[in-house]
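The structure under discussion appears below in the form of structure tokens.
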Amino acid sequence: MKTILLLTDFSENSINAIHYALKLFENDMCNFYVLHAQSPATYMSDDLMLSGNQSIYSSIVEKTKHKLNTLVVELERKFKNDNFNYEILVDYDELPEAINQIKKSKALDLIVMGTNGITAAKEVFFGSNTINVIRKVNCPTLVIPKDFNYRAPKEILLPLDLKDTLNGTAFKEVIKFTKRFGEKLHLLRITPNNEDSKEALNDRENINTFLIDTPNEYHVIKNVPMAYTVDVYTQSNAIDLTTLLVQKESLFERFFIGSPTTKISNNISVPLLIFHS
């Protein structure tokens with residue numbers, strides 16, 4: 001039985017991400033928790049005025065619960081899967097904090113969310129939320145880009161930076177996902193200079209050990225930015241899903257340089273599956 005957290009702000013984008021998850025796991029027994037989380041700072045004056053004699057909190061929560069229940073009814077009607085069970089959750093907190101609270105009481109296997117990426121001006125709501133969830137919540141996270149039409153994730157891409165290793169728990173999760181859903185794993189070792197990293201020197205041995213029965217393709221790319229490499233390779237090889245091994249980023253990387261995780265997640269054209277190292 002899988003336990004999957006579905007995030008929604010009731011936008012078409014978030015609903016599309018939920019639809020992707022329900023199609024991907026159509027043959028699994030799943031408990032789906034459908035969460036709407038909203039910061040208290042976003043309470044609208046209309047909500048406060050309409051609360052009447054009710055407490056403000058009760059009024060807003062009941063309104064949101066009604067929308068979530070309506071969404072669940074629509075999902076049950078559309079997918080008609082007896083293997084699926086749904087439960088709605090409402091939290092008025094910042095999204096990462098809300099998810100981490102849920103993690104304490106429920107053994108989550110996966111988080112599913114949509115993203116709009118970024119605009120020319122600034123990160124949009126779900127774009128910034130995507131980055132915050134990846135950074136602050138230690139749980140596998142599946143991110144579906146805007147307007148992406150479902151297709152089975154047969155061709156899976158794994159970009160590797162200097163520090164990514166192919167013998168840890170996160171990589172084993174990638175292998176497990178590939179064997180379950182995919183047909184081939186593409187690995188790109190991307191280095192910012194002409195030197196081989198310590199991890200790169202061990203790649204072939206690890207591939208021969210852990211991917212012996214998994215079709216794969218391995219390339220070393222040097223002196224090309226990761227985000228650009230991923231974008232070009234995705235388009236030229238008909239990649240269906242990209243997966244990343246995310247490490248804890250330093251404050252310097254996050255605020256002054258920008259990390260490969262941030263750049264890739266802001267510009268994804270296919271679903272992105274995050275595993276934390």
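The values are calculated or read from the model by the stated rules, or taken from the named source; none is laboratory data. All of these numbers come straight from a predicted model, not from anything done at the bench. Heads up, the Cβs are rebuilt from the backbone with ideal geometry, glycines too, and the neighbour counts pull from every protein chain shown. For accessibility, only protein heavy atoms count, side chains too; no ligands or nucleic acids. Shrake-Rupley method; radii C 1.70, N 1.55, O 1.52, S 1.80 Å.
Quick notes on this one:
- Applying the condition of being open to solvent by less than 30 Å² (accessible area, probe 1.4 Å) and under 23 Å from Gly168 (Cα atoms) to the range 226-248 and asking which residue is modelled with the highest pLDDT yields Leu241.
- Qualifying residue in the range 186-207 (condition: over 22 Å from His276 (Cα atoms), open to solvent by 30 Å² or more (accessible area, probe 1.4 Å) and at pLDDT 95 or above): no
- In the range 24-76, residue nearest to the chain's Cα centre (by Cα) [restricted to those that are closer than 18 Å to Ile88 by Cα, open to solvent by 90 Å² or more (accessible area, probe 1.4 Å) and at pLDDT 65 or above]: Met29
- Considering only residues in the range 208-222 that are open to solvent by 70 Å² or more (accessible area, probe 1.4 Å) and assigned to a loop (DSSP other than H, G, I, E, B), the one that is nearest to Thr242 (Cα to Cα) turns out to be Pro215.
- Of residues in the range 152-185 being farther than 24 Å from Tyr20 by Cα and surrounded by 21 or more Cβ atoms within 10 Å (Cβ to Cβ), the one modelled with the lowest pLDDT: Asp164
- Of residues in the range 175-202 being assigned to a helix (DSSP H, G or I) and touching a strand residue (DSSP E or B) at 6+ places or on another chain (Cβ under 6 Å), the one farthest from Leu142 (Cα to Cα): Ala200
Here's the yes/no breakdown for (1) in contact with a strand residue (DSSP E or B) (Cβ under 9 Å, 6 or more places away or on another chain); (2) in a strand (DSSP E or B); (3) at pLDDT below 90; (4) of a type in the set (A, V, I, L, M, F, W, C):
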{"site": "Leu108", "(1), (2), (3), (4)": "yes, no, no, yes"}
{"site": "Ile131", "(1), (2), (3), (4)": "yes, no, yes, yes"}
{"site": "Asn138", "(1), (2), (3), (4)": "yes, no, no, no"}
{"site": "Val143", "(1), (2), (3), (4)": "yes, yes, no, yes"}
{"site": "Asn149", "(1), (2), (3), (4)": "no, no, no, no"}
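- Test for Ala21: is it hydrophobic (A, V, I, L, M, F, W, C), open to solvent by less than 50 Å² (accessible area, probe 1.4 Å), under 19 Å from the mean Cα position of the chain (by Cα) and at pLDDT below 95: no
- Candidates Ile221, Ile156, Ile239, Ile175, filtered to the one that is over 20 Å from the mean Cα position of the chain (by Cα) and hydrophobic (A, V, I, L, M, F, W, C): Ile221
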